[in-house]
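Report on the structure given below.
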Protein chains: 2
Amino acid sequence: MVYGDAVNASRTARERARAELVSEITAAARRQLAETGAAALSMRAVSREIGMVSSALHRYFPTRDDLLTALIVQSYDALADAVDTAAAAAGDDPADRWRAVAHAVRGWALAHPHEYALIYGSPVPGYRAPADTVPAAGRVLAPFGRALRDAHAAGTLAGAPDPDGPLAADAARIAGALEAPELPGGALLAALTAWSGLFGHVSFELFGQFDNAVDDRDALFAGAVERLGRVAGLVR
Amino acid sequence: MVYGDAVNASRTARERARAELVSEITAAARRQLAETGAAALSMRAVSREIGMVSSALHRYFPTRDDLLTALIVQSYDALADAVDTAAAAAGDDPADRWRAVAHAVRGWALAHPHEYALIYGSPVPGYRAPADTVPAAGRVLAPFGRALRDAHAAGTLAGAPDPDGPLAADAARIAGALEAPELPGGALLAALTAWSGLFGHVSFELFGQFDNAVDDRDALFAGAVERLGRVAGLVR
DNA sequence: CCCCGGCAAGAGCATTGCTCTCATCGTCGA
DNA sequence: TCGACGATGAGAGCAATGCTCTTGCCGGGG
């Protein structure tokens, strides 16, 4: 909103300077986020790093939460990019695409733990989830949706009992958002369980629930991906 | 460590006073945590609430993180209690016990969102997971382990391909910690996927990933519990 | 009985988010 | 062309935070 329009080519010098500064700010903030985590992200430290006075920073991001929101959106985008390219490189088999997506999510999470925590961990401050973040969050889901759609089209998607009542409407809405309205509700809900299960596993690993319990995390995850892929109806 | 031994009956008056103060402090802190969340938990506010000067508080909890650690342990205990009683009330069928445990976890999480976020969300400060929290975390898992053991004894636990390599040792160690060393590794790992899937679902719901997507959260969760119970080999 | 040690209190330091005011300077319209 | 407007950066300031230090007080074990 206030901080916006990152790349608007031919505008006045002032606007170009502002866009440049905004991205310089988020870059510094992202650096600080990667080092010390969201809890320690400080306006003054960011302003110090880019040689600015803290009050001037507030002109671009009126509030610390606004800065965090920008970082959240950027993190969603970065994760979505990683997932996209992994899915594209995985070929046509929907099961392989699921595996690629799952491993891309985990790989990105392990490489950017603080950013992952920012978007999938507990909401940072008092909080409110600005509408800006919703589409970015949806981008992450898209390759998974395409794998489901293709498997359904190929007839290899396992069936599941369809829901009734309001849940059926929810399923239909989500299928629409995934641009796969032909997906049956039962399969969609099963896929949703696999999806949340994937992030549950990654969060457990990242947030230390496997500490002192599991050493071979790679093998554990590989097995979980197979099991969850079966839940989604994509594997086997 | 520093703050400790809550109930040690016959000690000197000074020690009894200290124990009483410690629990008064954590009570006030828990109240504040429930209202405003962990991020806003402030030493000074806690000390203000119990009519103490902030510097005196530091004698009992040298650091804000120490206070948070105490709250983490208490939260694990509270969740474990809720899960325990739900499992006890669920009767003998392992599938029913799984359903009871799962719904108890979600119910407690919805009733105490900030406490849930504290223990299963992103780690709050700079981070480190003190060893104190590990046994408390294990207590939550215990009723689930008993359901698995009983199902295995009754021969109703679904089989799963056993792991090899280091993962087999991990599985054996966890089975031992659950006091069910006879559990086959494959079944144990499948159960672990169901377990992390359960918390993934609850976290998604609590942290807003289902916002603007799913309305009928109860039905969604009920379906997920059935699917995950099948993954664990307990349902069906 | 008396002295050591646990204890509360207060002042103080560095840091934080955020607001206000002031001076500067680019931009756009008259 | 030039002047007013608005965006910008600097600085001081406020209330709050976590944490440390010093100063006394007072209870209980030697």
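Read the figures in this text as sums done on the coordinates, not as results from a lab. Since we're looking at a predicted model, the values are computed, not measured. Quick reminder, even Gly has a Cβ in these numbers, built from the backbone with ideal geometry, and neighbours come from all protein chains shown.
How many residues are buried (at least 17 other Cβ atoms within 10 Å of the Cβ), more than 14 Å from every other protein chain (Cβ to nearest Cβ) and near DNA strand C (Cβ under 8 Å from one of its atoms) when one looks only at the stretch A:28-45?
In the first step, residues of the stretch A:28-45 are kept if they are buried (at least 17 other Cβ atoms within 10 Å of the Cβ); the result is A:28-30, A:32-33, A:37-39, A:41, A:43.
In the following step, the residues that additionally are more than 14 Å from every other protein chain (Cβ to nearest Cβ) were identified as A:28-30, A:43.
Subset that is near DNA strand C (Cβ under 8 Å from one of its atoms): A:43.
Adding up the residues that qualify gives 1.
Among A:V231, A:V214, which is the only one that is over 20 Å from the mean Cα position of the chain (by Cα), within 7 Å of chain B (Cβ to nearest Cβ) and buried (at least 24 other Cβ atoms within 10 Å of the Cβ)? Walk me through it before giving the result.
On the way: A:V214 fails: buried (at least 24 other Cβ atoms within 10 Å of the Cβ).
On inspection, the qualifying residue turns out to be A:V231.
Per this entry, A:A137 is not counted among residues that are more than 30 Å from B:L41 (Cα to Cα) and surrounded by 15 or more Cβ atoms within 10 Å (Cβ to Cβ). Scan the stretch B:172-189 and give yes if some residue there is within 14 Å of another protein chain (Cβ to nearest Cβ), more than 20 Å from A:H201 (Cα to Cα), touching a residue at least 12 places away in the same chain (Cβ under 8 Å) and not in a helix (DSSP H, G or I), otherwise no. Yes: the stretch B:172-189 contains one or more residues that are within 14 Å of another protein chain (Cβ to nearest Cβ), more than 20 Å from A:H201 (Cα to Cα), touching a residue at least 12 places away in the same chain (Cβ under 8 Å) and not in a helix (DSSP H, G or I). When residues in the stretch A:46-91 are screened for being farther than 16 Å from A:H114 by Cβ and either basic (K, R) or within 10 Å of DNA strand C (Cβ to nearest atom) (or both), 14 of them pass. Please go through the stretch B:35-58 and pick out each residue that is in a helix (DSSP H, G or I), touching a helix residue (DSSP H, G or I) at 6+ places or on another chain (Cβ under 6 Å) and touching a residue at least 24 places away in the same chain (Cβ under 8 Å). Within the stretch B:35-58, B:A38, B:M43, B:L57 qualify.
Name the residues in the stretch B:197-229 that are among the small types (G, A, S) and either closer than 19 Å to B:P113 by Cβ or not in a helix (DSSP H, G or I) (or both), would you? Spell out how you get there, then give the answer.
To start, the set of residues in the stretch B:197-229 that are among the small types (G, A, S) comprises B:197, B:200, B:203, B:208, B:213, B:219, B:222-224, B:229.
Within the stretch B:197-229, B:G200, B:S203, B:G208, B:A213, B:A224 meet the criteria.
How many residues, within the stretch B:46-67, are under 20 Å from the mean Cα position of the chain (by Cα) and surrounded by fewer than 20 Cβ atoms within 10 Å (Cβ to Cβ)?
Final tally of qualifying residues: 2.
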